[in-house]
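Asks: Just dropping this structure here.
The values are calculated or read from the model by the stated rules, or taken from the named source; none is laboratory data. As the structure is a prediction and not an experimental result, all values here were calculated from the model. Counting neighbours? That spans all protein chains shown, and the Cβs are built from the backbone with ideal geometry, glycine included.
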Amino acid sequence: MTPGVTINVANYKKFALVVPTLNEAENIVTVLDRARQALAQLPLAWEILVVDDDSTDGTVEIVRRYSESHAGVRLLKRYSQKGLAGAITYGWKHTDVGILGVMDADLQHPPELLPELVTRVCQGSDIAIASRYLHADSMEAWSLPRRMISRLSVLASRPVQKPGLRVSDPTSGFFVLRRECIAGIEFQPAGFKLLLEILVQGHVRSVAEIPFKFGTRSGGKSKANGMTAVHYFWLLCRLAREAVFETPQKRHLAGNEPRKGNPPGVGANRLHMSFPWIAVV
């Protein structure tokens, strides 16, 4: 947390962090230890919700034992359900706190950044994002093909992002937000890119981005596969279609009104140029 910075906790009494897991037995204790140590710096209460998608490597047993001896840690287990985005929103639905967050369980997201993210939201930002693209060396451990794929994913998202609210890392999986940002919205349960959907469909008007260096997985296996790209492509298609065909009332409810001076249809024309296939998807 930034020294000398005062957090306004008048409206926010507690923070809930969701940590989705699927076979993360090798990492989860370290993740929880570091997260608890980081959150202890905050002047507000907090809890950590581990949402497990039916792990088979002992993750559930490890977290259950951990939660019995460490206050503020809860285990939520989903059966016959898969999908990172669904696990995150499942956790958020099982807490009533005003500030919500998510962090991976593979140690690629540094828990030490949590106080800064929470601070930015308490100070007025609707959402605070840990960004991989603010510093050039943030992903130096990645292979060139992986960096290129990540960059292309970000570029593909630009046409559907709200004008005036575009961020450098809309596919980040490490962020904190106010509950009001997602009130009344149902999100796609499959896929890995919940943040992009929140930025496009949520009640978001202000964003803070904080740089971080993406770590390397120390144990376990990545859950990304070919279906990750399919889910992301489908999400882009759906967001593009909804942006074209949404009603003025829906734009108002989502905080996505056109900027003054823009003639009707500008957003639709821009999306059709970028995604000419959306009308047939």
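Asks: Scan the stretch 49-63 and give yes if some residue there is within 18 Å of the chain's Cα centre (by Cα), closer than 27 Å to residue 206 by Cα and in contact (Cβ under 8 Å) with a residue 60 or more places away in the chain, otherwise no.
Replies: No, the stretch 49-63 has no match at all.
Asks: Restrict the check to the stretch 43-56 and report whether at least one residue is surrounded by fewer than 18 Cβ atoms within 10 Å (Cβ to Cβ) and closer than 16 Å to residue 32 by Cβ.
Replies: Among the residues of the stretch 43-56, at least one is surrounded by fewer than 18 Cβ atoms within 10 Å (Cβ to Cβ) and closer than 16 Å to residue 32 by Cβ, which makes the answer yes.
Asks: So how many residues does the stretch 74-85 have that are in contact with a Leu (Cβ under 9 Å, 6 or more places away or on another chain) and surrounded by 20 or more Cβ atoms within 10 Å (Cβ to Cβ)?
Replies: 3
Asks: Pairs only if they're at least six apart or on different chains, beta carbon under 8 angstrom, first in the stretch 234-245 and over 12 Å from residue 196 (Cβ atoms) and surrounded by 22 or more Cβ atoms within 10 Å (Cβ to Cβ), second at pLDDT 70 or above and of a type in the set (Val, Ile, Thr); list them, first residue then second.
Replies: Here the result reads 243/160; 243/200, each pair linking the stretch 234-245 to a residue that is at pLDDT 70 or above and of a type in the set (Val, Ile, Thr).
Asks: Given the structure, is residue 189 under 15 Å from the mean Cα position of the chain (by Cα) and either at positive phi or surrounded by fewer than 18 Cβ atoms within 10 Å (Cβ to Cβ) (or both)?
Replies: Against the criterion (under 15 Å from the mean Cα position of the chain (by Cα) and either at positive phi or surrounded by fewer than 18 Cβ atoms within 10 Å (Cβ to Cβ) (or both)), residue 189 qualifies.
Asks: Is it the case that residue 52 is out of contact with any strand residue (DSSP E or B) (no Cβ under 8 Å at 6 or more places or on another chain) and at pLDDT 95 or above?
Replies: When the stated conditions are applied, residue 52 does not pass them.
Asks: Within the stretch 37-85, track down each residue that is assigned to a helix (DSSP H, G or I), β-branched (Val, Ile, Thr) and closer than 24 Å to residue 189 by Cα.
Replies: Selection gives 59, 60, 63.
Asks: If you don't mind, there's one more thing I want to ask. Across the stretch 6-35, what is the number of residues that are within 22 Å of residue 127 (Cα to Cα) and either at pLDDT below 95 or crowded, with 18+ Cβ neighbours inside 10 Å (or both)?
Replies: 15
Asks: If you don't mind, there's one more thing I want to ask. Please verify whether residue 61 is touching a Gly at 6+ places or on another chain (Cβ under 8 Å) and either modelled with pLDDT of 95 or more or surrounded by 15 or more Cβ atoms within 10 Å (Cβ to Cβ) (or both), treating the condition exactly as stated.
Replies: Judged against the criteria, residue 61 is not a match.
Asks: Please indicate, with yes or no, whether at least one residue in the stretch 168-179 is out of contact with any Pro (no Cβ under 7 Å at 6 or more places or on another chain) and either more than 21 Å from residue 114 (Cβ to Cβ) or at pLDDT below 85 (or both).
Replies: Within the stretch 168-179, not a single residue is out of contact with any Pro (no Cβ under 7 Å at 6 or more places or on another chain) and either more than 21 Å from residue 114 (Cβ to Cβ) or at pLDDT below 85 (or both).
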